[in-house]
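Reviewing the structure listed below.
The values are calculated or read from the model by the stated rules, or taken from the named source; none is laboratory data. Keep in mind it's a predicted model, so treat the numbers as computed, not measured. Reconstructed Cβ throughout: ideal geometry from the backbone, glycine too, with neighbour counts over all protein chains shown.
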């Protein structure tokens with residue numbers, strides 16, 4: 001029997017330095033390799049706009065954008081975001097001004113507790129980037145993976161419609 005003595009060098013690293021591009025800026029983060037992107041963003045980078053929800057990929061609360069597409073950050077490892085462009089709700093502001101979606105949600109009171117709103121905002125942003133004149137059904141379909149426990153969704157849908165009108169002028 002070949003018994004090899006284990007050395008500290010034989011152990012996989014507990015932490016790894018990740019170089020991530022988040023909200024247009026490069027960040028270097030030392031983190032555990034088994035952490036989800038959600039955990040890296042919140043715990044290691046202090047970007048708490050992205051929320052913990054079900055952590056099973058079922059509610060959409062943790063939705064962010066990775067290379068311009070909605071991704072559930074609870075289902076993606078932080079290490080998988082290396083060489084990708086990540087956007088959180090904190091990155092939606094431009095030149096110190098809120099995105100039209102953020103303004104519309106505030107103006108219409110489309111959030112009650114607000115917990116789900118960051119994921120909804122980012123998902124809606126992709127919709128409006130790809131389809132600046134969506135129908136109500138297209139908005140509903142686009143947001144179907146984002147659950148809200150407080151509203152009846154009507155004001156959320158109205159806010160996306162209002163933002164679309166503002167974006168196209």
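I need a count of the residues in region 44-67 that are surrounded by fewer than 16 Cβ atoms within 10 Å (Cβ to Cβ) and more than 23 Å from residue 147 (Cβ to Cβ).
The total comes to 2.
Does residue 84 meet the test of being assigned by TED's automatic domain parsing to the domain that holds residue 23, closer than 25 Å to residue 22 by Cα, in contact (Cβ under 8 Å) with a residue 24 or more places away in the chain and in contact with a helix residue (DSSP H, G or I) (Cβ under 6 Å, 6 or more places away or on another chain)? Explain how you work it out, then say what you get.
Values: assigned by TED's automatic domain parsing to the domain that holds residue 23: yes; closer than 25 Å to residue 22 by Cα: yes; in contact (Cβ under 8 Å) with a residue 24 or more places away in the chain: yes; in contact with a helix residue (DSSP H, G or I) (Cβ under 6 Å, 6 or more places away or on another chain): no.
No, not satisfied.
Considering 82, 86, which residue is in contact with a strand residue (DSSP E or B) (Cβ under 8 Å, 6 or more places away or on another chain), at pLDDT 95 or above and surrounded by fewer than 16 Cβ atoms within 10 Å (Cβ to Cβ)? Before the answer, list the steps.
Values: 86 fails: surrounded by fewer than 16 Cβ atoms within 10 Å (Cβ to Cβ).
Residue meeting the stated conditions: 82.
Look at region 68-79 and say how many of its residues are part of a helix (DSSP H, G or I) and surrounded by 22 or more Cβ atoms within 10 Å (Cβ to Cβ).
Pass one, region 68-79, residues part of a helix (DSSP H, G or I): 73-75, 78-79.
Narrowing further to those that are surrounded by 22 or more Cβ atoms within 10 Å (Cβ to Cβ): 73-74, 78.
Summing the residues that are part of a helix (DSSP H, G or I) and surrounded by 22 or more Cβ atoms within 10 Å (Cβ to Cβ) in region 68-79 gives 3.
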